[in-house]
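One structure is given here, and the rest of the page talks about it.
The values are calculated or read from the model by the stated rules, or taken from the named source; none is laboratory data. What you see is a predicted model, and the numbers here were worked out from it, not measured in a lab. When we count neighbours, we look across all protein chains shown, and the Cβ atoms used for this are built from the backbone with ideal geometry, even at glycine. To get the accessible areas, we keep the full protein, side chains included, count just its heavy atoms, and leave off ligands, DNA and RNA. Shrake-Rupley method; radii C 1.70, N 1.55, O 1.52, S 1.80 Å.
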Amino acid sequence: MPSHAHPSPDHRPSTPAPSAESLIPSPDHHPSPDAAQDAGPLRRERAHLAASRAALRAMREDAESLNIADVTANWVNAEVLQGEIEARIKALADLSGTPLFFGRLDYLHAPGVDLAEGASKGAARSASDKGGGGRRAGENFYVGRRHVHDADGDPMVIDWRAPVSQPFYRASKKDPMGLRLRRRFGYTGGELTAYEDEHLTDPAEAETTSALLQAEIERPRVGPMRDIVATIQPEQDEIVRAGIGGTVCVQGAPGTGKTAVGLHRVAYLLYAHRERLARSGTLVIGPNRSFLQYIEQVLPALGELEVKQATIDDLVDHVEVRGTDDATAATVKGDARMAEVLRRAVRSHIASPQEPCVVVRGSRRWRVPAYELEEIVQELRDRDIRYGAAREALPQRIAHAVLVRMEQAGEAPDDRVQDAVARNAAVKAAVKAIWPPVDPAKLVLRLLGDADFLAAHADGILTDEEQKAILWPLPGSGKRAPRSVKSAKWSSADAVLVDEATDLVTRTHSLGHVVLDEAQDLSPMQYRAVGRRCTTGSATILGDIAQGTTPWSTGTWQQALAHLGKPGAAVEELTQGFRVPREVIAYASRLLPAIAPDLKEATSIRESAGDFAIRTVRPADLDATVLAACHDALAKEGSIGLIAADARIPVLRAALEEAGISALPPGAETSADARLTLVPATLAKGLEYDYVVVDEPAAIVDGEPDQRTGLRRLYVCLTRPVSGLTIVHATDLPEQLGNA
């Protein structure tokens with residue numbers, strides 16, 4: 001893959017891909033005579049970048065100048081339209097330091113038309129509609145984060161999500177996809193400094209690894225998570241562009257980019273199905289607030305500003321979470337069997353009619369006998385509709401029985417009469433006695449605080465020991481069960497039970513698409529809570545079985561998908577790592593036989609082996625050696641994560657403060673002046689740093705309720721680095737890691 005740039009004086013373009021450094025010239029460099037042929041194309045590409053930025057500014061100015069004073073019928077329409085205009089203006093922002101385009105495609109013929117196979121003109125029109133229109137055969141397209149057009153409406157930059165851009169990610173020597181040339185661009189501080197060409201139809205050119213692609217993957221990362229739009233690989237692109245009609249589950253080893261793939265999939269679906277998803281909504285669910293803070297800038301960088309983000313606790317916010325469960329209680333409460341216990345408890349409120357319902361209208365009395373009421377109730381039971389919906393239907397069914405009698409008596413009642421009968425005091429009293437209202441939180445409060453009530457509805461489902469494990473308070477504790485919803489110290493698992501009970505009463509609103517990240521850690525009841533949010537929509541499920549760090553973490557994706565209500569979803573596996581260096585992922589993979597024996601070992605495409613060191617010290621020297629490792633990492637470029645067992649965090653924070661080293665909390669945005677983050681092991685999942693220092697691995701393992709969970713937690717911690725890992729320990733390393 002020959003490269004073309006401003007090379008240094010001692011560099012000559014050659015067939016092997018050069019290093020990233022040779023592609024990026026210094027600002028004060030003057031090209032040698034041999035490089036003159038390359039200076040012209042680079043100047044032209046910079047000129048196109050400048051023109052594209054000017055066109056984007058013009059698009060923004062056009063949006064800012066819109067006057068809607070005389071185009072709306074009322075103030076409500078004006079407010080809605082003004083909000084849409086403001087969103088448009090915000091989406092047209094030119095982000096400083098963010099390349100407007102990162103690639104160029106030179107087609108052999110009009111995109112969308114396969115000359116060899118005689119593809120239809122309709123395919124070409126489809127490409128045109130998505131940003132490739134009006135182009136002549138053989139023209140080129142610049143691929144970027146968003147669409148930019150000039151004053152005449154001709155595209156200057158094509159959105160990466162457009163069909164015409166797809167070959168940038170998938171074309172190869174074996175399948176050029178109609179391309180003659182694929183060009184990648186290199187940037188330094190927002191300035192276009194290099195380019196690299198791949199002639200896909202030239203048999204004389206060898207297929208090699210892109211130096212610019214490697215440089216982008218390994219670029220030091222300070223700040224929040226960034227998009228991977230310029231580095232998406234073919235197997236990732238297939239997942240990103242999968243249709244909206246089905247759910248996709250992605251099993252991804254550390255560093256395979258599964259989180260980024262999920263976020264880019266949301267951006268793609270919003271592009272391809274914007275009207276549909278604008279009505280139904282989209283949601284990204286992450287494991288904790290630190291994680292959401294870390295990823296929150298990815299979608300805005302791709303021009304998507306309206307996607308909501310939440311944790312599971314945010315979704316099930318019917319009660320205030322102030323308490324915690326031990327592992328046994330949380331596991332039982334999270335078990336899918338609790339759904340049947342709750343269903344029984346809700347349905348137990350339905351009573352068998354004991355008396356007839358007598359409706360008085362004028363001088364007439366209309367009587368519906370108890371046996372007929374029982375038939376109506378049994379029919380509603382058999383339909384198994386939600387408790388609240390059945391309760392709303394019951395008065396209408398009773399009223400219908402009354403109207404039948406009216407018609408038999410020669411009257412001609414209409415719908416208004418039926419509605420009036422349904423509101424009759426006698427009908428209301430009958431409904432209240434037969435199908436009383438149920439408060440979901442009060443129901444769960446009683447279920448967890450009343451041993452007899454729990455036993456009645458958990459009989460044959462939960463064992464006596466399991467029932468005792470979840471009761472408030474624990475038998476023999478000497479404490480009293482909470483008396484009200486407000487006084488109860490609800491746990492996260494309790495809140496999910498309330499959410500389940502709420503759905504049994506009233507249907508949960510379904511969204512168009514939900515992305516669930518770090519899904520392996522969810523309990524079956526949490527999966528059900530997420531599944532309720534996408535019953536009529538689709539989902540993207542992201543996770544890694546090997547990184548399951550809860551006692552109730554899923555064993556297989558098939559089990560998880562069944563609980564989600566998406567049993568037929570496709571499971572895709574990503575095993576090629578882009579983030580974790582080769583030596584680091586190979587070392588961490590020693591844990592796989594103990595934590596996830598059925599998973600394939602991840603491999604890294606990184607050419608750099610990465611910095612990797614294990615420092616064994618005496619207990620008295622542990623803190624000092626950890627600080628020294630942090631000093632060494634701070635001498636390099638990029639972000640640093642110091643990861644330790646939760647119990648060690650206060651000790652290390654004090655040591656850092658005494659040494660004059662400032663440390664950020666997990667999820668906080670790093671900067672040039674604050675690059676070190678102190679990370680409790682329980683919050684490390686999903687985060688990434690250029691250099692990672694792992695403190696005392698044995699303490700991380702011992703901090704979990706069982707060894708498998710502890711080893712999985714350690715696996716997560718070991719796989720956070722992009723460029724280097726240093727392990728510092730005074731206690732023996734877990735035997736699964738073998739000889740250091």
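Summary table below
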| quantity | calculated |
| --- | --- |
| Of all residues making up segment 487-521, the number that are assigned to a strand (DSSP E or B) and under 14 Å from the mean Cα position of the chain (by Cα) | 4 |
| Members of segment 139-157 that are open to solvent by 40 Å² or more (accessible area, probe 1.4 Å) and small (Gly, Ala, Ser) | Ala151, Gly153 |
| Condition broken by Leu462, with the remaining ones in (1) free of Cβ contacts under 8 Å to residues at least 12 places away in the same chain; (2) of a type outside the set (S, T, N, Q); (3) part of a loop (DSSP other than H, G, I, E, B) satisfied | (1) |
| Helices (runs of 4 or more DSSP H) contained entirely in segment 253-306, each with at least 3 residues that are under 16 Å from Glu518 (Cβ atoms) | 258-272, 289-295 |
| Check on Ala546, farther than 20 Å from Asn288 by Cα, in a helix (DSSP H, G or I) and of a type in the set (A, V, I, L, M) | no |
| Qualifying helices (runs of 4 or more DSSP H) (wholly inside segment 572-645; at least 1 residues being out of contact with any helix residue (DSSP H, G or I) (no Cβ under 9 Å at 6 or more places or on another chain) and at pLDDT 85 or above) | 582-588, 622-634 |
| Within segment 357-371, considering residues that are in a loop (DSSP other than H, G, I, E, B) and modelled with pLDDT under 95, the one nearest to the chain's Cα centre (by Cα) | Gly362 |
| Residues that are at pLDDT 70 or above, open to solvent by 40 Å² or more (accessible area, probe 1.4 Å) and in a loop (DSSP other than H, G, I, E, B), drawn from segment 210-226 | Arg219, Arg226 |
| Breaking point among (1) open to solvent by less than 40 Å² (accessible area, probe 1.4 Å); (2) in contact (Cβ under 8 Å) with a residue 40 or more places away in the chain; (3) within 20 Å of the chain's Cα centre (by Cα), for Ile350 | (3) |
| Where Arg365 falls short, out of the listed (1) more than 26 Å from Ala409 (Cβ to Cβ); (2) surrounded by fewer than 15 Cβ atoms within 10 Å (Cβ to Cβ); (3) of a type outside the set (Asp, Glu) | (1) |
| Those residues of segment 641-659 which are open to solvent by less than 70 Å² (accessible area, probe 1.4 Å), out of contact with any Ser or Thr (no Cβ under 9 Å at 6 or more places or on another chain) and free of Cβ contacts under 8 Å to residues at least 40 places away in the same chain, in sequence order | Ile649, Val651, Ala654, Ala655, Ala659 |
| Residue within segment 222-241 that is over 27 Å from His48 (Cβ atoms) and touching a strand residue (DSSP E or B) at 6+ places or on another chain (Cβ under 6 Å) present | yes |
| From the options Gly738, Gly686, Gly724, Gly703, residue that is open to solvent by 10 Å² or more (accessible area, probe 1.4 Å) and closer than 27 Å to Gln297 by Cβ | Gly686 |
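So that you can scan it fast, the table gives a plain yes or no per residue for (1) under 16 Å from Pro436 (Cα atoms); (2) assigned to a helix (DSSP H, G or I); (3) of a type in the set (D, E, K, R); (4) modelled with pLDDT under 95:
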residue	(1), (2), (3), (4)
Gln354	yes, no, no, yes
Leu373	yes, yes, no, no
Ile376	yes, yes, no, no
Ile385	yes, no, no, yes
Ala389	yes, yes, no, no
Pro395	yes, yes, no, no
Gly410	no, no, no, yes
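For every residue, the table says whether it meets (1) assigned to a loop (DSSP other than H, G, I, E, B); (2) surrounded by fewer than 14 Cβ atoms within 10 Å (Cβ to Cβ); (3) modelled with pLDDT of 70 or more.
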| site | (1), (2), (3) |
| --- | --- |
| Leu81 | no, no, yes |
| Asp94 | yes, no, yes |
| Leu105 | no, no, yes |
| Glu117 | yes, yes, no |
